[in-house]
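Working notes, structure below.
Computed from the coordinates by the stated procedures, all read-outs in this text should not be read as laboratory data. Computed from a predicted model, the values in this text were never measured in an experiment. Because the Cβ atoms are built from the backbone with ideal geometry, glycine has one as well, and the counts that use them run over all protein chains shown.
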Amino acid sequence: GGMGYVKPEKRSDFRETVYWNPAVKVDRSGKAVIEFYNTDEISSFRAIAEGISIDGQVGRAEKLFYTQLPFSMQARVPVEVASGDNLVVPVVLTNNTSAPLSGSLHVMPPSGLEQLAATGSLITIPAGMSQTIHLAYKVKHLPGEEVFNIAFAGGGHTDAFEQKLKIVPAGFPVALSFAGKELSETYKFKIGESV
């Protein structure tokens, strides 16, 4: 679109086994270098090395390592809000690189939300740090379901968030049910404080 930021690539590679090599040869000092691509999973991985020496001695070692994105964004948006609510959406921006990261936050809230406080669009996150931006809204009387979009772009790094947000009228649904074998019958009922 004409929004001036690069659309983030979707993560799609979620293999169970990342790397398997049945015959790793070590050098005279007992060392070997292997290379592999991680999957797109942001998680911890267990690496297991098992070996046998020329004279039949067995060895085994396990090591945990984890993957992370150079930059990531997390936003907490509720699934449903009611008319008249005040809504605060915390957006956590995490810079896992070794240099400060400057960029801009693009927020496209549903039309049923009225922004309460202006947020600066240019944000700088120090190296190895996280920063939380609070987006504050008043929920208008516009029932329906719309998409909430938040994206960050800066220093060649992008991340985006999209979630449906449902706005419901204030009040509670009232249901009444009657049953009977009579073919014609009159029922009287009263609904108080209807919305």
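Of note:
- Per-selection Kirkwood Rh - the chain (Cα, Å, 1 d.p.): 22.2 Å
- Kirkwood Rh (inverse of mean 1/r, distinct Cα pairs), segment 23-72, angstrom: 13.4 Å
- A protection proxy built from the mean count of other Cβ atoms within 10 Å ranks the segments 38-50, 80-92, most packed first, as 80-92, 38-50.
- Which of 91, 81, 165, positive extreme of dipole for the chain (C-beta unit charges): 91
- Gain upon complete extension [residue 37, residue 183; 0.36 nm per residue less C-alpha separation]: 45.3 nm
- Subtracting the Cα-Cα distance of residue 11 and residue 24 from 0.36 nm times their residue separation leaves 1.7 nm of extension gain.
- Whole-number percent relative contact order across segment 111-193, with pairs defined as alpha carbons under 8 Å at least 6 apart: 24 percent
- Highest average first, the peptides 17-26, 150-159 ordered by how many other beta carbon atoms sit within 10 Å of their residues are 150-159, 17-26.
- As a length-normalised measure over Cα pairs under 8 Å and 6 or more apart, the relative contact order of segment 25-183 settles at 22 percent.
- Cα-based Rg / Dmax (Å) for segment 123-164: 14.2, 42
- Cα gyration tensor, segment 100-192 - rounded (a/c under 1.5), prolate or oblate: prolate
- Burial order of peptide ranges 53-60, 183-190 (average beta-carbon count within 10 Å, highest first): 53-60, 183-190
- Modelled label positions at residue 138 and residue 61, each set 7 Å beyond Cα in the direction of Cβ, lie 6.3 nm from each other.
- Separation of the alpha carbons by more than 26 angstrom is noted, of 31/63; 25/63; 140/190; 140/164, for 140/190.
- Only aspartates and glutamates eight or more places from residue 138 in sequence, or on another chain, were considered; those with a Cα closer than 20 Å are 80, 85, 114, 146, 162.
- Calculated FRET efficiency for the pair residue 130/residue 170, C-beta based, R₀ 41 Å, to 0.05: 0.75
- Placing unit charges on the Cβ atoms of the charged side chains and taking the dipole of the chain about its Cα centre, the candidate lying farthest along the positive direction among 126, 47, 33 is 126.
- DSSP-defined antiparallel bridges as percent of all bridges, the chain, nearest 5: 95 percent
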